[in-house]
Amino acid sequence: MAIKIKDIDQYNAYFHQKTLHPLISVGDLSKADMSLFDPIDFDMYCVVLMDEDFGGLCKDGKDISYRPGTVFTLMPGQVVQMRLKPGVRPKGWMLVFRPELLVKAGLGRDFYMFNFFSYEASEALELSSTERSTILNCLANIFTELHTPVDHLTDHMLRLGIGHLLSYCKRFYERQFDTKCKQNSSILTRLDALLDSYLSSGMPEQKGQPTVAWCAEQFHLSANYFGDVIKRELHVTAQEYIQRKIVSAAKMMLRDPRLSITEIAESLGFAYPNHFTRLFHKKVGISPSDFRKTI
């Protein structure tokens, strides 16, 4: 049974430190009580810099492969646990902030950009030495602001500091996307083959159209991470690319006069023919019937 952290006071108790802000804290993992590494739902957003390999890391039941200089994130409701190595002391830093910090604030307005919070556990962010220094500087700035006497700019500065940190995480994730795309330049070929095989297999009629989540699963990636990689590589959303492939398959099928529009729609996984017609018209500019007349 996972422990649930109720507030910042309870979080700070694990680090034997005072609460300096009701919604934000930074903890030094080397000073944490060992019970912090039992199964815990922090019930807040967390950014963790792991500066030492001190045991097995598990998030929501999935192991995270990490090394020193790895950043991983948590959302409210996710459970994390460490299986500590005997005699090895944890080392690193952990920023936490309550969801209430995002309400009616610029950080909340821009938070949609930081979708890496919903990436799968195995997709932790690996940092170069320079990037690690940047993350440490951001954490140090937040830590310093927390220890600065409170004034009318305190909350503003803390939100800016967190936004700065998260923006760097986003930048470094995009660098990781680019690196992986260069290492795996066949992703487009593989995705094409995957979709072509599925659309011609008869499976859409039984299981529906291919989805972003299904494609991501074939690449052993989360839907959000897969979507970001595809957008970086192909400059369109994953959903848009899937729809293009469906329309391309439809054009080929429309060349066969023996197939009705309804049969084509069903074979491509559409529950209703008018849904197929609507998508085709949106992408091609004319209806399937009119396109057939041009062939």
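List of remarks:
- The range 241-272: number of residues that are open to solvent by less than 50 Å² (accessible area, probe 1.4 Å), touching a residue at least 12 places away in the same chain (Cβ under 8 Å) and not aromatic (Phe, Trp, Tyr): 15
- Flag if residue 247 is out of contact with any Lys or Arg (no Cβ under 7 Å at 6 or more places or on another chain) and not hydroxyl-bearing (Ser, Thr, Tyr): no
- In the range 154-171, the residues that are under 12 Å from residue 95 (Cα atoms) and without any contact (Cβ under 8 Å) to a residue 40 or more places away in the chain form Cβ pairs under 8 Å with partners that are in a helix (DSSP H, G or I) and open to solvent by less than 60 Å² (accessible area, probe 1.4 Å), at six or more places apart or across chains, as follows: 161/138; 161/142; 161/145.
- Top-ranked residue in the range 243-295 [being of a type in the set (D, E, K, R) and not in a helix (DSSP H, G or I); ranked as farthest from residue 200 (Cα to Cα)]: 258
- Qualifying residue in the range 210-218 (condition: modelled with pLDDT under 90, among the small types (Gly, Ala, Ser) and either assigned to a helix (DSSP H, G or I) or on the phi < 0 side of the Ramachandran plot (or both)): yes
- Considering the conditions (1) open to solvent by less than 30 Å² (accessible area, probe 1.4 Å); (2) in contact (Cβ under 8 Å) with a residue 60 or more places away in the chain, residue 215 is excluded by exactly one of them, (2).
- If you check 175, 159 for being in a helix (DSSP H, G or I), open to solvent by 20 Å² or more (accessible area, probe 1.4 Å) and more than 20 Å from residue 108 (Cβ to Cβ), only one passes: 175.
- Residue that is farther than 28 Å from residue 213 by Cβ, touching a residue at least 60 places away in the same chain (Cβ under 8 Å), open to solvent by less than 40 Å² (accessible area, probe 1.4 Å) and within 22 Å of the chain's Cα centre (by Cα), where the choices are 106, 69: 69
- Residues being open to solvent by 20 Å² or more (accessible area, probe 1.4 Å) and closer than 21 Å to residue 131 by Cβ - total across the range 49-58: 3
- Selection status of residue 94, at pLDDT 95 or above, among the aliphatic types (A, V, I, L, M), within 19 Å of residue 125 (Cβ to Cβ) and buried (at least 19 other Cβ atoms within 10 Å of the Cβ): yes
- Looking at 150, 88, just one residue is without any contact (Cβ under 8 Å) to a residue 60 or more places away in the chain, touching an Asp or Glu at 6+ places or on another chain (Cβ under 8 Å) and assigned to a loop (DSSP other than H, G, I, E, B), and that residue is 88.
- Subset of the range 17-34 (residues that are out of contact with any helix residue (DSSP H, G or I) (no Cβ under 6 Å at 6 or more places or on another chain), open to solvent by 40 Å² or more (accessible area, probe 1.4 Å) and within 16 Å of residue 89 (Cβ to Cβ)): 30, 34
- Take the conditions (1) under 23 Å from residue 175 (Cβ atoms); (2) small (Gly, Ala, Ser); (3) modelled with pLDDT of 90 or more; residue 35 misses just one of them, which is (1).
- Residue match in the range 80-89 (condition: at pLDDT 90 or above and at positive phi): no
- Residue list for the range 59-76, restricted to those being among the polar types (S, T, N, Q) and under 20 Å from residue 138 (Cα atoms): 70, 73
- Test result for residue 61, open to solvent by 20 Å² or more (accessible area, probe 1.4 Å), closer than 26 Å to residue 176 by Cβ and either within 21 Å of the chain's Cα centre (by Cα) or not hydrophobic (A, V, I, L, M, F, W, C) (or both): yes
The values are calculated or read from the model by the stated rules, or taken from the named source; none is laboratory data. Keep in mind that what you see is a predicted model, and the values were worked out from it rather than measured. All Cβ positions, glycine included, derive from the backbone under ideal geometry; neighbour counts span all protein chains shown. Surface areas here come from the heavy atoms of the whole protein model, side chains and all, with no ligands, DNA or RNA. Shrake-Rupley method; radii C 1.70, N 1.55, O 1.52, S 1.80 Å.
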